[in-house]
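Colleague: Here it is, the structure, as structure tokens.
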Amino acid sequence: EAGVAQSPRYKIIEKRQSVAFWCNPISGHATLYWYQQILGQGPKLLIQFQNNGVVDDSQLPKDRFSAERLKGVDSTLKIQPAKLEDSAVYLCASSPWTGGTTEAFFGQGTRLTVV
Amino acid sequence: KQEVTQIPAALSVPEGENLVLNCSFTDSAIYNLQWFRQDPGKGLTSLLLIQSSQREQTSGRLNASLDKSSGRSTLYIAASQPGDSATYLCAVAVSYNTDKLIFGTGTRLQVFP
């Protein structure tokens with residue numbers, strides 16, 4: 001089966017600019033996650049969708065980050081305006097979710113550099 | 001607040017050695033624990049998933065154990081190969097309703113010929 005697809009793979013922007021990332025999860029997976037991985041750290045959950053509803057966005061900096069999942073499939077994550085500290089790899093993951101027992105599948109990520 | 005720690009942060013071993021990576025977590029109320037592999041510039045690949053009711057899982061040369069009461073997991077890699085060189089991350093699922101994963105900072109493994 002096809003894996004989680006993300007684009008672009010790399011992005012370099014200047015601070016205060018805006019940027020958007022796209023994710024297409026594995027077909028049939030109800031749950032979609034966006035994680036932020038800063039160099040040298042483990043991934044941190046930004047937002048989680050169950051179908052097209054938000055389940056957890058407690059660590060999403062809502063003054064500059066936004067995310068949506070239209071029709072419960074594809075998702076976009078936007079940063080506006082970007083700061084230097086947003087430089088990181090943004091990972092999208094999906095799972096079929098059966099409640100506390102499921103395996104998450106990750107995409108290759110988008111590496112963002114803010115200069 | 002759940003915290004996940006991995007020791008060592010980096011490890012360099014000669015090919016053929018058996019090795020153990022450690023993961024500890026502060027809150028034993030987890031639903032599962034997963035071990036991932038991350039190659040440079042790549043996403044995460046799931047290696048093993050241990051449900052909270054299980055003690056261990058095996059896949060090929062990999063064996064992962066889980067001791068919830070002590071808040072520990074180990075990943076055992078037998079007969080290491082240069083192709084095993086990568087960063088290994090462990091993550092715990094902390095909520096039945098959301099499958100939210102809390103990750104450790106990883107162990108960077110280098111296996112040299």
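Colleague: Ignoring ligands, DNA and RNA, how much accessible area is buried between chains B and A, both sides summed, with a 1.4 Å probe, to the nearest 100 Å²? List each step's numbers first, then the result.
Modeller: Values: alone 6210 and 6450 Å², together 10770 Å².
The summed interface area works out to 1900 Å².
Colleague: Hey, another quick one. Treat each spin label as a single point 7 Å out from the Cα along the C-beta direction, and report the B:S46 to B:I7 distance in nm.
Modeller: 2.9
Colleague: Measure off, as a whole percent, the carbon and sulfur share of the 1.4 Å-probe accessible area of the stretch A:19-115, all protein chains present.
Modeller: Values: 2160 of 4050 Å².
Carbon-and-sulfur percentage of accessible area, whole number: 53.
Colleague: Let me cross-check A:E103: its accessible surface, 1.4 Å probe, with only protein heavy atoms counted, in Å² to the nearest 10?
Modeller: The value for A:E103 is about 60 Å².
Colleague: Oh, and also: Any number yet on Rg/Rh for the protein assembly as shown, C-alpha, Kirkwood? Let's see the in-between values first.
Modeller: Details: Rg = 17.4 Å, Rh = 18.0 Å.
Value, to two decimals: 0.97.
Colleague: Here's another thing I want to ask about it. Taking the Cβ of A:S75 as the centre, find all other residues whose Cβ is under 11 Å away and add up their charges (Lys, Arg: +1; Asp, Glu: -1). Present the calculation step by step, with values, prior to reporting the outcome.
Modeller: Numbers: positive: A:R69, A:K71, A:K78; negative: A:E68, A:D74.
Net charge in that neighbourhood comes out at +1.
Colleague: If you don't mind, another one. Holding the Cα-Cα limit at 28 Å, pick out from A:K44/B:K42; A:K15/B:K100; A:K11/A:K44; A:K44/A:K83; A:K11/B:K1 the pairs that are longer than that. Could the numbers behind the result be given before it?
Modeller: Working: A:K44/B:K42 16 Å; A:K15/B:K100 30 Å; A:K11/A:K44 20 Å; A:K44/A:K83 17 Å; A:K11/B:K1 33 Å.
Going by Cα-Cα distance, A:K15/B:K100; A:K11/B:K1 fall outside the 28 Å limit.
Colleague: Ranked from the most accessible area to the least, with a 1.4 Å probe and all protein chains present, what is the order of B:Y31, A:Y33?
Modeller: Working: B:Y31 85, A:Y33 5 Å².
My answer, sorted largest first, is B:Y31, A:Y33.
Colleague: State the answer as a single residue: which of A:A30, A:T76, A:C92 lies farthest towards the positive end of the charge dipole of chain A, with beta carbon charges of +1 for Lys and Arg and -1 for Asp and Glu, about the Cα centre.
Modeller: Ranked along the dipole, the leading option is A:T76.
Colleague: Of all chymotrypsin sites (Phe, Trp or Tyr not before Pro) in the stretch B:32-113, which ones are in loop regions per DSSP and have a Cβ with at most 16 other Cβ atoms within 10 Å?
Modeller: Numbers: sites: B:W35, B:F36, B:Y76, B:Y88, B:Y96, B:F103; in loops: B:Y96.
Within the stretch B:32-113, the qualifying chymotrypsin sites (Phe, Trp or Tyr not before Pro) (loop, at most 16 other Cβ atoms within 10 Å) are B:Y96.
Colleague: Work out the charge dipole of the protein assembly as shown with +1 on the Cβ of Lys and Arg and -1 on the Cβ of Asp and Glu about the Cα centre, then indicate which of A:V4, B:F112, B:A79 is farthest towards its positive end.
Modeller: Positive-end residue among those listed: A:V4.
Colleague: Looking at the stretch B:42-74, which residues lose a minimum of 50 Å² of accessible area between their chain alone and all protein chains in place, measuring with a 1.4 Å probe and not counting ligands or nucleic acids?
Modeller: B:L44
Colleague: Right, here's the next one. Between B:L48, B:L11, B:L66, find the one with the highest GNM mean-square fluctuation for chain B; connect C-alpha pairs within less than 10 Å.
Modeller: B:L11
The values are calculated or read from the model by the stated rules, or taken from the named source; none is laboratory data. Quick caveat: nothing in here was measured; it's all calculated off a predicted structure. Here the Cβ is made from the backbone with ideal geometry for all residues, glycine too, and neighbour counts use every protein chain on show. Areas reflect the complete protein model, heavy atoms only, side chains present, ligands, DNA and RNA absent. Shrake-Rupley method; radii C 1.70, N 1.55, O 1.52, S 1.80 Å.
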